[in-house]
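The values are calculated or read from the model by the stated rules, or taken from the named source; none is laboratory data. All of these numbers come straight from a predicted model, not from anything done at the bench. Note that each Cβ is placed from the backbone with ideal geometry, even for glycine, and that neighbours are counted across all protein chains shown. When the accessible area is computed, the model is the full protein with side chains, heavy atoms only, and any ligands, DNA or RNA have been set aside. Shrake-Rupley method; radii C 1.70, N 1.55, O 1.52, S 1.80 Å.
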Amino acid sequence: MEGDYIKIREGLLPLSWLYGGAVKVRNFFFDVGLLKSRAFHVPVIAVGNITVGGTGKTPHVEYLIRLLREKFSVAVLSRGYKRKTSGYLLADANTTAREIGDEPYQMKTKFPDVSVAVDGKRVRGIKRLTDDDEKLDVILLDDAFQHRYVKPGVNILLVDYHRLIIYDKLLPAGRLREPLSGKNRADIVIVTKCPKELKPMEFRVITKAMSLYPYQHLYFTTLEYGELQPVFPMISEARGFAADTNVLLLTGIASPRQMEEDLRPMVQSLTLLTYPDHHHFSRKDVRHINETFSQMPSPKMIITTEKDAARLTALDGLSDDVRKNLFALPVRITFMQKEQEQQFCDFIVGYVLKNSRNSILVKGKDSRPQSAANKKQPLHHDRNTISFK
């Protein structure tokens, strides 16, 4: 099977070369100004990736919200992937996941005091946000690393530890949405979903292989889980993990591997029910969920993600047994080393503090400490990357 997969990938390489050529032309047009990138007079931080599939964007945006919301007026702008509306939409207390997408809905529910908007055209979305709120201090762009029509002050690239971009290939032979050189636009690169037992030698190997420039900061994060939350609290009571529990892990995310690896040692058994990212559950899916859970031995429960819970709450046909035993598992990110976290926080807060609406961005210049135009030779270890003791 593995040999057949390798042959298929090799057969797709010519298509990858064509795709890569088209992306390189597009990036070249932005680099030389034939396609315009718009800078704004408010700090803009973009978070995204250059691969197909999840890298943990939402938990990292939520980390930034927690970091900034007490001192600054924060807004989040997303494209609202797979929403049932179009154009610009600013969420309020009555907005549904169908209207803005499950990830923006999750953020608005968890942070009701933060402005959350969706718009496929990010330039228009930023302009609407800044026009409507003159006191807005910073905008977080969700899933926007490749959206080059906006010129962010800080560009954060997320890389999944389990699918490192340095070993990947361009679509359709691999998962890269643009050539590896796209990582050079990042001010910050974060290797996400790292195993908690990652050894210092592995840090060194990845740091060297990423081959970053002196102006780029490299960090490593892992997932931390909160207390289980009933998806239907009116009919369910809070529960914790128990070693004798049989768990059905129900996910509609791009990369559930780390979650699976983390949960398996904590429970009696783990049954997987996986669907594509942002999956809209059908009646057939509902029947399958009900039947799978009914056949599992007790004691049992269903664990899903916060993102999936946003869609499951509006789903008809789930059995009473499923609803009573369905729990969402909150996820946060933590930095692998504390000195990294302090460095990251100082960098982000310092950028926002130094860039008001009358900042240098108004003149169309880049506010990053060292711009991509000043890049020298690739850096393997320096004071901006992880330190080893």
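Numbers at a glance
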| quantity | calculated |
| --- | --- |
| Prolate/oblate/rounded label for segment 39-119 (Cα gyration tensor, a/c 1.5) | rounded |
| Rounded Å value of the spacing that divides the Cα centres of segment 298-352 and segment 144-172 | 22 |
| Heavy-atom surface of segment 1-143, accessible at 1.4 Å and reported per residue (Å²) | 51 |
| With every protein chain in place, the chain: carbon and sulfur % of accessible area (1.4 Å) | 53 |
| Centroid-to-centroid separation of segment 176-243 and segment 50-81 [C-alpha atoms, Å] | 14 |
| Among the listed pairs LYS24/LYS208; LYS71/LYS338; LYS57/LYS110; LYS151/LYS338; LYS135/LYS354; LYS121/LYS307, those beyond 18 Å (Cα-Cα) | LYS24/LYS208; LYS71/LYS338; LYS151/LYS338; LYS121/LYS307 |
| Heavy atoms of TYR149: accessible area, 1.4 Å probe, square angstrom to 10 | 100 |
| Computed accessible area, GLU224, all protein chains, 1.4 angstrom probe, square angstrom | 70 |
| Cα gyration tensor category, rounded, prolate or oblate, for segment 34-185 with a/c compared to 1.5 | prolate |
| Probe 1.4 Å - accessible area at GLU237, Å² to nearest ten | 150 |
| Low-density loop positions, trypsin sites (Lys or Arg not before Pro), segment 110-197 - DSSP coil, at most 14 other Cβ in 10 Å | LYS135, LYS196 |
| Net charge dipole size for the chain [Lys, Arg +1 and Asp, Glu -1 on Cβ; Debye, nearest 20] | 1520 |
| Per-residue [θ]222 nm for the chain (sum of -39500 (n - 2.57) over DSSP H runs n ≥ 4, rounded to 500) | -10000 deg cm²/dmol |
| Net lengthening on full extension, ASP244/SER282 (0.36 nm per residue, minus Cα-Cα) | 10.6 nm |
| Per residue Cα convex hull volume in Å³ - calculated over the chain | 162 |
| Relative contact order [Cα under 8 Å, 6+ residues apart], the chain, whole percent | 22 |
